[in-house]
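Here the structure comes first, spelled out in structure tokens, and everything after it is commentary.
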Amino acid sequence: MKFAKTIALIALISVAFAATNAAVTVSSPITNTVSAKVSKKVLKPSRPQCKATTLSGNRCKRHAAEGSNYCSQHAAIFRKQEKEPKAK
């Protein structure tokens, strides 16, 4: 009986890691009973990277805010700089 459970567990694990296009019903090869449902993870569309550079000169690693080229932190800095009068 332990062998049958082990085989069923291996089959369940192998199907759980397989990538499929839709939900998969996993059944035990020994008893032919449904034991679990595995669904594919839905991927979100990728967002662009922030175009600002940090003080050390590296490019910011955050994602740009929706509808902007900059992350929320850098967008706030650029808005503040635009409002300040330029010194001559």
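Annotations for the structure displayed:
- Summed residue charge, Cβ within 9 Å of Tyr70's Cβ, Lys/Arg positive, Asp/Glu negative: +2
- Computed from backbone phi, the HN-Hα couplings of the range 65-79 come to 5, 4, x, 9, 8, 10, 6, 4, 5, 6, 4, 5, 5, 5, 5 Hz, rounded to whole numbers (Karplus: 6.51 cos²θ - 1.76 cosθ + 1.60, θ = phi - 60°; Gly and Pro given as x).
- Positive contributions from Lys and Arg (+1) and negative ones from Asp and Glu (-1), summed over other residues with Cβ under 13 Å from the Cβ of Thr54, come out at +4.
- Amide H partners (placed H, <5 Å) of Ala65, local residues excluded: Tyr70, Cys71, Ser72
- Projecting label points 7 angstrom from Cα along Cα→Cβ for Arg47 and Arg59 puts them 1.7 nm apart.
None of the figures in this text is laboratory data; all of them are computed from the coordinates on show. None of the values given here were measured: they were computed from a predicted structure. Heads up, the Cβs are rebuilt from the backbone with ideal geometry, glycines too, and the neighbour counts pull from every protein chain shown.
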